[in-house]
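Only one structure is covered here, and it is reproduced in the block below.
The values are calculated or read from the model by the stated rules, or taken from the named source; none is laboratory data. Bear in mind the structure is a predicted one, so any value in this text is a computation, not a measurement. Using ideal geometry, Cβ is built from the backbone for each residue, glycine included, and neighbour counts are taken over all protein chains shown.
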Amino acid sequence: MHDIRAIRANPDAFDAAMSRRGLPPQSPALLALDEARRSAITAMEQAQSRRNALSREIGAAMKAGHAAEAERLKAEVARLATLNASDEEAALDAALSTLPNVLDAEVPEGRDETANVVLHAHGTPRDIPGAKQHFEIGEALGLMDFERAAKLSGSRFVVLKGALARLERALGQWMLDLHTGEHGYEEVAPPLLVNDRSLYGTNQLPKFEEDLFRTTDGKYLIPTAEVPLTNLVAGEIIPEPKEPLRFTALTPCFRSEAGSAGRDTRGMLRQHQFSKVELVSVTRPEDSDAEHERMTRCAERVLTELGLAWRRVFLCAGDTGFGAARTYDLEVWLPGQQAWREISSCSNTRDFQARRMQARYRPEGQKGTAFPHTLNGSGVAVGRALIAVMETHQLPEGGFLVPEVLRPRLGGLERIG
């Protein structure tokens, strides 16, 4: 959410910021709504003053025995009592809620992913003659079944069995233990169903409702654990976070993939249901840049330990998500696809989500409160990590090697297949 006072103070700067997002000038419409809201507030305050005066006049009229005059004055009081600024407030909030975050100045210019900037890479992408894709490996092993999943649930679901199901479970639990044991995140087991207020706070609503699964009682299945983890501080005034608050969770995630028709229809890359280890931080504004770097390194550690080739990409203006001020994507090399694919996205939203959630902190030694910064990232998507492990460590005779860090969780198993 944006601060209308900042827009009012410098509308040209705000329009320039929205222009980087490919949007036309927004300030004229916003300032007109703001003027209507402020006028309504002024009228409401004047009405309150008039009601106070009328109350005295009503008392005098009744004391003088002028019942008709008293009734007329009471009718005017009732009319004035109906004046409020709620409609104007709602109209302004609705307009602000549909506008994306202001991008950091360092975000590269560009309209789409072709303008993203590779910052650095780790490992050498494997060139495997005749490399298979993960679904070819899994189906040949009889451990990955898309047909039966379709029978149960439709497209974009999968049934994993045996050692592959066990490996997916081991991956998620290992990541969670790494982030809690070595990276200082607090493990949380959050609800998988949330209300619309929570989704508004983390900017999935109202803009991205078509990507969500909604229940019959108006709740939503979480598209990412970012939603419940970030909203842990919603509507609260917390002590100054001298050390960032860091939360992590391993949860199923549910997405309708409404805008992905025809994309990645084979395999597990784009599913309606998948598991992910999420990282969320709540920081003081002055600490959020360092925390963004730290969070991204935590996710990179996962990929390095799994023996994967990966690279960090700075997303350009046209590819940065709605709520983010800046985003680093981590992409992993998939030998079967001969392509780099996103496996993690780490974003600094600045105070954009905190304003929507009305989350505040109280700086020590200062009057009043301030908005913290919130950050979120994948640490990482479990299904995509499974895909990368299968394709990177595949063997010519079939199957694939299990990364060494996971072998203790699989009873010493070194290969599957």
ask   = If we keep just the residues of segment 208-238 that are surrounded by 15 or more Cβ atoms within 10 Å (Cβ to Cβ) and within 19 Å of D93 (Cα to Cα), which is modelled with the lowest pLDDT?
value = F208
ask   = When residues of segment 275-312 are filtered for being crowded, with 22+ Cβ neighbours inside 10 Å and either modelled with pLDDT under 95 or not in a helix (DSSP H, G or I) (or both), how many remain?
value = 11
message = Among the residues of segment 124-139, are any touching an Asp or Glu at 6+ places or on another chain (Cβ under 8 Å), free of Cβ contacts under 8 Å to residues at least 40 places away in the same chain and part of a helix (DSSP H, G or I)?
response = yes
The one condition in (1) of a type outside the set (S, T, Y); (2) part of a strand (DSSP E or B); (3) within 25 Å of G383 (Cα to Cα) that I238 fails to fulfil = (3)
request  = Scan segment 183-216 residue by residue and report those that are without any contact (Cβ under 8 Å) to a residue 60 or more places away in the chain, part of a loop (DSSP other than H, G, I, E, B) and out of contact with any strand residue (DSSP E or B) (no Cβ under 9 Å at 6 or more places or on another chain).
outcome  = P191, T216
inquiry  = I'd like the residue in segment 289-320 that is more than 26 Å from T124 (Cα to Cα) and free of Cβ contacts under 8 Å to residues at least 60 places away in the same chain and, out of all such residues, is nearest to the chain's Cα centre (by Cα).
reply    = D289
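Yes or no, residue by residue, for (1) among the β-branched types (V, I, T); (2) surrounded by 16 or more Cβ atoms within 10 Å (Cβ to Cβ); (3) under 27 Å from A317 (Cα atoms); (4) modelled with pLDDT of 95 or more:
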| site | (1), (2), (3), (4) |
| --- | --- |
| I4 | yes, yes, yes, yes |
| P11 | no, yes, yes, yes |
| E35 | no, no, no, yes |
| A40 | no, yes, no, no |
| E88 | no, yes, no, no |
request  = State the number of residues belonging to segment 345-360 that are crowded, with 24+ Cβ neighbours inside 10 Å and part of a strand (DSSP E or B).
outcome  = 3
key: L103 being in contact (Cβ under 8 Å) with a residue 40 or more places away in the chain, surrounded by 18 or more Cβ atoms within 10 Å (Cβ to Cβ) and outside the structural domain of K207 (by TED's automatic domain parsing)   = yes
key: Residue tally, condition part of a strand (DSSP E or B) and surrounded by fewer than 18 Cβ atoms within 10 Å (Cβ to Cβ), over segment 241-257   = 1
query = In the set L31, L23, which member is modelled with pLDDT of 95 or more, surrounded by 12 or more Cβ atoms within 10 Å (Cβ to Cβ) and either β-branched (V, I, T) or outside any helix (DSSP H, G or I) (or both)?
reply = L23
query = Could you say which residue among T374, T369 is under 26 Å from M1 (Cβ atoms), surrounded by fewer than 16 Cβ atoms within 10 Å (Cβ to Cβ) and of a type in the set (V, I, T)?
reply = T369
ask   = Being on the phi > 0 side of the Ramachandran plot and in a helix (DSSP H, G or I), is that true of even one residue in segment 85-97?
value = no
